[in-house]
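Colleague: Please read through the structure below; I'll follow up with questions.
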Amino acid sequence: MRGKFITFEGIDGAGKSTHIDWVAARLRARAGIPAVVTTREPGGTPLGEDLRQLLLHRTMHLETEALLMFAARREHIAEVIDPALARGEWVISDRFTDATFAYQGGGRGLPTQRLEVLEDWVQAGLQPDLTLLFDVPLETASERLAGARAPDKFEAESRAFFQRTRDEYLRRAAAAPGRFRVIDATRSIDAIREELEQIIATL
Ligand code: ADP
Ligand code: TYD
C-alpha cells in the first residue's frame, strides 16, 4: 500500500520545524508503517541542497527563484518522495509547493497561474495527503526568530511580504479544507502537540 505524504507549512518563525521530528517519532511508534522519512524543501537531495544554498543566499529574478524551487522539487520527488511512497513509507516534508504559492506567489507577487503550470508539470498529480499549516501573527513569528538564528534572504524580508505570505497560506487552506489543518501555533509546544496527536490519529 502506498505511504502517506504529510507537509509542514507556515511563515518563518511559526514553529513548524520544532514539531517535525516529534510527529515522525509518534508515527514510527505506530504499528503498520514500514518507515517514516523526514525531509525538507528547498533541499532533500544533494542537488536540492546545493540549490537551497543559492535560493536562500543569492538575489535573483523572481521567475528564476520560482523555477529553481520547482527544479529542486522535481529532483526531490523523483529521488526521494515518490520511491518512498511507492515502498509504503510515509514522507514528512518541512515545506512543499504551498510554500511556493505563499512566498513566490503571495509574498513576491508572481501570478498564481504561472505556478500552477509548473505544479502540474513537476508533480503530475502528486499532492500531500495532509498539510499542517502553523499559523501565527507576524509579531509572534518575528519575536521567535529574533536571536534564534541569523536571517537568510527570506527571513530578512519586510513585514508586508510576510503578511502577504501568511494571507496566501490562509487563503489556500480555506480553499482546500480537506487537505489542510490550520494549527494555532501561538500556543505552547505541549498544547500544539496534543492537537497534532489527535490529527495524526485520524490518518
Ligand atoms: P520555523 O521552522 O517555523 O521557522 P522553528 O520551529 O525553527 O520555526 O521555531 C522558531 C523559534 O521559535 C525557535 O527558537 C523555537 O524554539 C521557538 N518556538 C517554536 N515553537 C514555539 C512555541 N509554541 N512557543 C514558543 N516558542 C516556540
Ligand atoms: P525553511 O527550511 O523553513 O528555513 P529554515 O531552515 O530557516 O527554517 O525554508 C527556507 C526558506 O525558503 C523559507 O524562508 C521559505 C522559503 N521557500 C520559498 O520561498 N519557496 C518555496 O517553495 C520553499 C519550499 C521555501
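Colleague: Taking Arg171, is it open to solvent by 80 Å² or more (accessible area, probe 1.4 Å) and either under 17 Å from the mean Cα position of the chain (by Cα) or at negative phi (or both)? Don't jump to the end; show me each part of the working.
Modeller: Details: open to solvent by 80 Å² or more (accessible area, probe 1.4 Å): yes; either under 17 Å from the mean Cα position of the chain (by Cα) or at negative phi (or both): yes.
For Arg171, the condition - open to solvent by 80 Å² or more (accessible area, probe 1.4 Å) and either under 17 Å from the mean Cα position of the chain (by Cα) or at negative phi (or both) - is met.
Colleague: So, Thr7, is that one of a type in the set (Ser, Thr, Tyr) and either out of contact with any Phe, Trp or Tyr (no Cβ under 9 Å at 6 or more places or on another chain) or open to solvent by 70 Å² or more (accessible area, probe 1.4 Å) (or both) or not? Spell out how you get there, then give the answer.
Modeller: Details: of a type in the set (Ser, Thr, Tyr): yes; either out of contact with any Phe, Trp or Tyr (no Cβ under 9 Å at 6 or more places or on another chain) or open to solvent by 70 Å² or more (accessible area, probe 1.4 Å) (or both): no.
Here the answer is no, as Thr7 does not meet what is asked.
Colleague: Out of the residues in the range 10-21 meeting the condition of being closer than 13 Å to Ile183 by Cβ and not small (Gly, Ala, Ser), tell me which one is surrounded by the most Cβ atoms within 10 Å (Cβ to Cβ). Before the answer, list the steps.
Modeller: From the range 10-21, those closer than 13 Å to Ile183 by Cβ are 10-11, 14-16, 18-20; that's our starting set.
The next check asks that each one be not small (Gly, Ala, Ser); those that pass are 11, 16, 18-20.
Working: Ile11: 30, Lys16: 21, Thr18: 15, His19: 21, Ile20: 18.
Out of the qualifying residues, it is Ile11.
Colleague: Still on this structure, please answer the following. Please verify whether the range 134-147 includes one or more residues that are within 13 Å of ligand 2 (Cβ to nearest atom) and in contact with a strand residue (DSSP E or B) (Cβ under 8 Å, 6 or more places away or on another chain).
Modeller: Checked against the condition, which is being within 13 Å of ligand 2 (Cβ to nearest atom) and in contact with a strand residue (DSSP E or B) (Cβ under 8 Å, 6 or more places away or on another chain), the range 134-147 yields at least one hit.
Colleague: Here is a follow-up. Which of (1) crowded, with 18+ Cβ neighbours inside 10 Å; (2) more than 19 Å from Arg74 (Cβ to Cβ) does Thr112 not meet, given it meets every other one?
Modeller: Result: Thr112 passes all but (1).
Colleague: Go through Arg149, Arg181, Arg144, Arg159 for me and flag whichever is open to solvent by 70 Å² or more (accessible area, probe 1.4 Å), touching a residue at least 12 places away in the same chain (Cβ under 8 Å), within 19 Å of Leu56 (Cβ to Cβ) and of a type outside the set (A, V, I, L, M).
Modeller: On the way: Arg149 fails: touching a residue at least 12 places away in the same chain (Cβ under 8 Å); Arg181 fails: within 19 Å of Leu56 (Cβ to Cβ); Arg159 fails: within 19 Å of Leu56 (Cβ to Cβ).
Answer to the selection: Arg144.
Colleague: Having 2 or more residues that are away from ligand 1 (no atom under 16 Å from the Cβ) is the bar; report the helices (runs of 4 or more DSSP H) wholly within the range 110-203 that clear it. Quick ask: steps written out before the conclusion?
Modeller: Working: elements: 112-123, 138-145, 159-175, 189-201.
Output list reads 112-123, 159-175, 189-201.
Colleague: Can I ask one more? What is the number of the single condition among (1) surrounded by fewer than 19 Cβ atoms within 10 Å (Cβ to Cβ); (2) more than 13 Å from ligand 2 (Cβ to nearest atom); (3) not in a helix (DSSP H, G or I) that Val91 does not meet?
Modeller: Every listed condition holds for Val91 apart from (1).
The values are calculated or read from the model by the stated rules, or taken from the named source; none is laboratory data. What you see is a predicted model; the values in this text were computed from it and never measured. Positions of Cβ are generated from backbone atoms using ideal geometry, with glycine treated the same way; all protein chains shown enter the neighbour counts. Keep in mind that these areas ignore ligands, DNA and RNA; they rest on the heavy atoms of the full protein, side chains included. Shrake-Rupley method; radii C 1.70, N 1.55, O 1.52, S 1.80 Å.
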